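The values are calculated or read from the model by the stated rules, or taken from the named source; none is laboratory data. What you see is a predicted model, and the numbers here were worked out from it, not measured in a lab. No Cβ is skipped: glycine too gets one built from the backbone with ideal geometry, and neighbour counts run over all protein chains shown.
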Amino acid sequence: MILAAGRGERMRPLTDRVPKPLLVVRGRPLIEWMIAALTRARVTELVINHAHLGARIVEALGRGERLGVSIRYSPEREALETAGGVAQALHLLGDSPFLVVNSDVYCDYDFSALAARATTSFAASDDLAHLVMVDNPDHHPQGDFALAGGRIAERGAPEAMRTFSGIGLYSPRLFSGITPGQKAPLAPLLRKAMAAGRVGGERHAGLWRDVGTPERLATLNALDAA
């Protein structure tokens, strides 16, 4: 599932007329870079949620034939936040573990191992989530959660704190308490699962950018021109 329903408030005025996932990075809409990364890992069955200017996303991507994927959409009248958006789409995602990725992330992460984990070690475990973490960027120096020994906790030693990349593998059980159509953030669900020792994780040390502001978008595009 690619999360594409956010309003992109920090990206205004760019997102007043263009949905954030369609903003152009290095000559290509941001969401298409993510789709390309998924297809390289043979992940081709996609669900995309949308709200703000959602018709533009459907118009641009269609059913995915041009990109070598099959896309189904989960429309939201208003953005339901991350967990709410996933819960709304559970009927499309099925009963097995699934990947969820943010549409505003630009990275060189290889999804192959994560996709394989979905049907092997993760599926056989009692875990509810497996998160891909990155080193803390300048705009988020404190990090989100602690990663140590392949496990994630809410807090830990300063050197263990990492930032959540927006890439994760989830059991549908994590979202079972959310009513479809209900707004719900993801962090409280993760913290509860962490407290129960049911969240694993890994570190991605390669390229990763959260394209969250016009300045970060410009910086990323400038890298290509340098």
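Given (1) more than 20 Å from residue 109 (Cα to Cα); (2) buried (at least 20 other Cβ atoms within 10 Å of the Cβ), where does residue 201 come up short, assuming only one miss?
All conditions are met except number (1).
Quick one: in segment 30-88, of everything that is more than 17 Å from the chain's Cα centre (by Cα) and among the hydrophobic types (A, V, I, L, M, F, W, C), which residue is nearest to residue 115 (Cα to Cα)?
For segment 30-88, the residue satisfying everything is 69.
Please find, within segment 145-168, the residue that is surrounded by the fewest Cβ atoms within 10 Å (Cβ to Cβ) out of those that are of a type in the set (D, E, K, R) and without any contact (Cβ under 8 Å) to a residue 40 or more places away in the chain.
Per the criteria, the residue is 159.
Checking residue 113 against (1) under 16 Å from residue 167 (Cβ atoms); (2) in contact (Cβ under 8 Å) with a residue 40 or more places away in the chain, only one condition comes out false. Which one?
Condition (2) is where residue 113 drops out.
Taking residue 130 as the residue in question, decide whether it is assigned to a helix (DSSP H, G or I) and either among the small types (Gly, Ala, Ser) or in contact with a Pro (Cβ under 9 Å, 6 or more places away or on another chain) (or both).
No: the conditions fail for residue 130.
For the list (1) surrounded by fewer than 12 Cβ atoms within 10 Å (Cβ to Cβ); (2) at pLDDT 95 or above, I need the number of the one condition that residue 139 fails.
Of everything listed in (1) surrounded by fewer than 12 Cβ atoms within 10 Å (Cβ to Cβ); (2) at pLDDT 95 or above, residue 139 misses just condition (2).
Condition check: touching a residue at least 40 places away in the same chain (Cβ under 8 Å), touching a Leu at 6+ places or on another chain (Cβ under 8 Å) and over 26 Å from residue 14 (Cβ atoms). Does residue 214 satisfy that?
Judged against the criteria, residue 214 is not a match.
Determine which member of the set 124, 148 is more than 18 Å from residue 185 (Cβ to Cβ) and touching a helix residue (DSSP H, G or I) at 6+ places or on another chain (Cβ under 6 Å).
148
Select the helices (runs of 4 or more DSSP H) contained entirely in segment 1-115, then report the ones holding at least 2 residues which are more than 28 Å from residue 221 (Cα to Cα) and modelled with pLDDT of 95 or more.
In segment 1-115, the matching helices (runs of 4 or more DSSP H) lie at 81-88, 90-93.
Return the only residue of 165, 121, 96, 112 being over 25 Å from residue 206 (Cα atoms) and polar (S, T, N, Q).
96
Can you confirm whether residue 209 is basic (Lys, Arg), in contact with a Phe, Trp or Tyr (Cβ under 6 Å, 6 or more places away or on another chain) and not in a loop (DSSP other than H, G, I, E, B)?
Yes; evaluated as a whole, the condition is true for this residue.
Failed condition for residue 178, given (1) over 30 Å from residue 214 (Cα atoms); (2) touching a strand residue (DSSP E or B) at 6+ places or on another chain (Cβ under 9 Å); (3) part of a loop (DSSP other than H, G, I, E, B); (4) in contact (Cβ under 8 Å) with a residue 12 or more places away in the chain, with all others met?
Among (1) over 30 Å from residue 214 (Cα atoms); (2) touching a strand residue (DSSP E or B) at 6+ places or on another chain (Cβ under 9 Å); (3) part of a loop (DSSP other than H, G, I, E, B); (4) in contact (Cβ under 8 Å) with a residue 12 or more places away in the chain, the lone unmet condition for residue 178 is (2).
Of the conditions (1) among the aliphatic types (A, V, I, L, M); (2) within 17 Å of the chain's Cα centre (by Cα); (3) in a helix (DSSP H, G or I), residue 184 clears all except one; give me its number.
(3)
Got a sec? Which of 104, 95, 110 is touching a helix residue (DSSP H, G or I) at 6+ places or on another chain (Cβ under 8 Å) and buried (at least 23 other Cβ atoms within 10 Å of the Cβ)?
That would be 104, the only listed residue that is touching a helix residue (DSSP H, G or I) at 6+ places or on another chain (Cβ under 8 Å) and buried (at least 23 other Cβ atoms within 10 Å of the Cβ).
Which condition number in (1) touching a Pro at 6+ places or on another chain (Cβ under 7 Å); (2) within 30 Å of residue 26 (Cβ to Cβ) is the one that residue 171 fails?
(2)
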